[in-house]
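*Asks:* I am attaching a structure below and will ask some questions about it afterwards.
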Amino acid sequence: MTAAASQPYYLDVTHPDANKGSVVNYLARRYKFSNEEIATIGDMPNDMLMFADSGLSVAMGNADQQVQQAARYVTETNENEGFATAVRRFILRDS
């Protein structure tokens, strides 16, 4: 099982195979491509499992330090269009 506090007042508890890392693995098998071809972007502790199973992982700038360290790259915060910046900079490779 995995357990993560997505908010100070929430505790997300899931089956060992029901997590974002398992989704990355499922999508790779289902669509017949390698995990290395999957990009993931997140900001919560429950995103760290998908970071570990994807080829490109990006943490949002507002994520805590542990989440940022689990990702390959860190982008801007949610308030600073971090998702769009990550897509442009790390997926589309624009400057």
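The values are calculated or read from the model by the stated rules, or taken from the named source; none is laboratory data. Computed from a predicted structure; not experimentally measured. Quick reminder, even Gly has a Cβ in these numbers, built from the backbone with ideal geometry, and neighbours come from all protein chains shown. Protein only, heavy atoms only, side chains kept; ligands, DNA and RNA dropped before computing areas. Shrake-Rupley method; radii C 1.70, N 1.55, O 1.52, S 1.80 Å.
*Asks:* Could you tell me how many of the residues in region 15-39 are under 23 Å from GLN66 (Cβ atoms), free of Cβ contacts under 8 Å to residues at least 24 places away in the same chain and either in a strand (DSSP E or B) or aliphatic (A, V, I, L, M) (or both)?
*Replies:* 2
*Asks:* Can you confirm whether ASN46 is in contact with a Ser or Thr (Cβ under 7 Å, 6 or more places away or on another chain) and assigned to a loop (DSSP other than H, G, I, E, B)? I'd like the intermediate steps shown before the answer.
*Replies:* Details: in contact with a Ser or Thr (Cβ under 7 Å, 6 or more places away or on another chain): yes; assigned to a loop (DSSP other than H, G, I, E, B): no.
No.
*Asks:* So, in region 40-76, how many residues would count as being of a type in the set (A, V, I, L, M), over 13 Å from ALA86 (Cα atoms) and in contact (Cβ under 8 Å) with a residue 40 or more places away in the chain?
*Replies:* Taking region 40-76 and keeping what is of a type in the set (A, V, I, L, M), we get 41, 44, 48-50, 52, 56, 58-60, 63, 67, 70-71, 74.
The next check asks that each one be over 13 Å from ALA86 (Cα atoms); those that pass are 44, 48-50, 52, 63, 67, 70.
Then drop every residue that is not in contact (Cβ under 8 Å) with a residue 40 or more places away in the chain, which leaves 44, 49.
Of the residues in region 40-76, 2 are of a type in the set (A, V, I, L, M), over 13 Å from ALA86 (Cα atoms) and in contact (Cβ under 8 Å) with a residue 40 or more places away in the chain.
*Asks:* While we're looking at this one, here's another question. I'm told ASN19 meets every condition in (1) surrounded by 11 or more Cβ atoms within 10 Å (Cβ to Cβ); (2) at pLDDT 90 or above except one. Can you identify the failing condition by its number?
*Replies:* (2)
*Asks:* Identify the residue in region 74-95 that is more than 17 Å from MET44 (Cα to Cα) and either open to solvent by less than 70 Å² (accessible area, probe 1.4 Å) or in a loop (DSSP other than H, G, I, E, B) (or both) and, among all such residues, is modelled with the lowest pLDDT.
*Replies:* For region 74-95, the residue satisfying everything is SER95.
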